[in-house]
Amino acid sequence: MRIDSPTAPDHARAMRDGLAQAAAAAGYAPSIYNTQPWRWSLARDTLDLYLDRSRVLDAGDPDTRLATLSCGAALHHARTIMSADGWSAAVTRMPDAADQNYLAHLHVDGPAPPDPQAVRHVRTIPLRHTDRRPVTGIMVGSEDLRAITASVLAEGAWLYMLSAHQIIELAEAADQAQQANAADPAWRAELAYWTGRTRPAGTDLPDPATRQHEPLSTMAGRDVSQPVDLAISAKHDRAALYAILYGHSDEPRDWLQAGEALSAGWLTATERGVSVLPLSAPVEVIGTRGTLQRLLSYLHHPYLVLRFGTTDPATADTPHARRPPADQTIERQS
């Protein structure tokens, strides 16, 4: 919201309310297994983002790569809300080298003109969702891909579009990763917890996300927000495009920014009618992550695999994952 010549108490109250709304809206961000592994600390004119270790997948994500990426998506959502509401905010990523759980510090400098792109993104945030349906529509257009790629690049990451023969290599790597994970008892127990009825309140997955189905995809593996296998089938997803979200280095700060880039690209895709399915299995296993690095000529580091496509609008809508109350993820400082 824009505040014209506010009194000091009104200005402070509006600023704090804006930060609270930003942190609450960040709960719509995509996250691995819908774990929502973030925690916010709200003060007068600052918002601090922390990794919630209690929601990290110890077996599936031991280095917190995907959890940190998920927090990056939440950070971008929060930044977008602030920009749309007419606030200028500075962000410091990884502000304390001694505390790797402290991911970002957001400080409000003052009112600013609302950013038009952020305003569009804010309208899109509640609409964005993971679309697991087979890609049955036409191929994504080059103009749409350029817009999505530009959004990702603006947040400090890149997209590498895979060729047809590289998609076959990727499918094999994803299948190997899935088999390696399935052979690990700790991974299976973790999967059972986060897809069962014992998971934390407000992080439930919609029923179709936990229901087995016939092969629907050329790619095997799980996506970043849902746990179901995607079995290989040559009959589906012929119009799908696959890309690797990547960067130049492989540290927590890079994973955080990759999450911000994922959020920006996904919101842009949604606005253009492009479906997005993030696949995490190939980056979870060291060996298959090496395969992705080879596809990137060993010059860059892969963070996530993304499937882009269009779907038949006549098919049923994909349900949204549930979100916990804001007071479970936001701590208010006096």
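FYI, it's all coordinate maths here, none of it is from the lab. In this text the structure is predicted, and so the values were computed from the model without any measurement. Every residue, glycine as well, gets a Cβ built from its backbone with ideal geometry; the counts of neighbours run over all protein chains shown.
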remark   = With label points set 7 Å from each Cα along the Cα-to-Cβ direction at A326 and D63, the distance between them in nm comes to 3.6 nm
key: Hydrodynamic radius (Kirkwood) for region 79-190, which is based on Cα pairs only, to one decimal in Å   = 18.6 Å
request  = Could you go through region 41-50 in sequence order and give the Karplus-derived ³J(HN,Hα) for each residue, using 6.51 cos²θ - 1.76 cosθ + 1.60 with θ = phi - 60°, rounded to whole Hz, and x for Gly and Pro?
outcome  = 10, 10, 10, 4, 10, 9, 9, 10, 10, 10
task = At 0.36 nm per residue, minus the direct Cα-Cα distance, what do A12 and V119 gain on full extension? Give it in nm, one decimal, please.
result = 36.3 nm
key: A186/E143 FRET efficiency (R0 41 Å; Cβ-Cβ; nearest 0.05)   = 0.35
Theoretical FRET efficiency, 1/(1+(r/R0)^6), r = Cβ-Cβ of R238 and N101, R0 56 Å, to 0.05 = 0.85
ask   = Amide H neighbours of E331 under 5 Å, counting only residues 5+ apart in sequence or on other chains, H built in-plane at 1.01 Å?
value = W40, S41, L42
query = Which FRET efficiency value, to the nearest 0.05, do you get for S163 and Y298 by plugging their Cβ-Cβ distance into 1/(1 + (r/R0)^6) with R0 = 30 Å?
reply = 0.95
inquiry  = Just to be sure I understand the model, the point goes 7 Å from the Cα along the line to the Cβ. What's the resulting A43 to L153 distance in nm?
reply    = 3.8 nm
key: Qualifying trypsin sites (Lys or Arg not before Pro) for region 67-136 [loop in DSSP, other Cβ within 10 Å: at most 15]   = none
query = Where in region 40-124 are there chymotrypsin sites (Phe, Trp or Tyr not before Pro) that are in a DSSP coil and have at most 15 other Cβ atoms within 10 angstrom of their Cβ?
reply = none
request  = Have a look at A154, H107, V122 and report the one farthest towards the positive end of the charge dipole of region 101-173, computed about the Cα centre with Cβ charges (Lys/Arg +1, Asp/Glu -1).
outcome  = V122
query = Shape call for region 1-147 from the C-alpha gyration tensor, a ≥ b ≥ c root eigenvalues: rounded (a/c under 1.5), prolate (a/b greater than b/c) or oblate?
reply = oblate
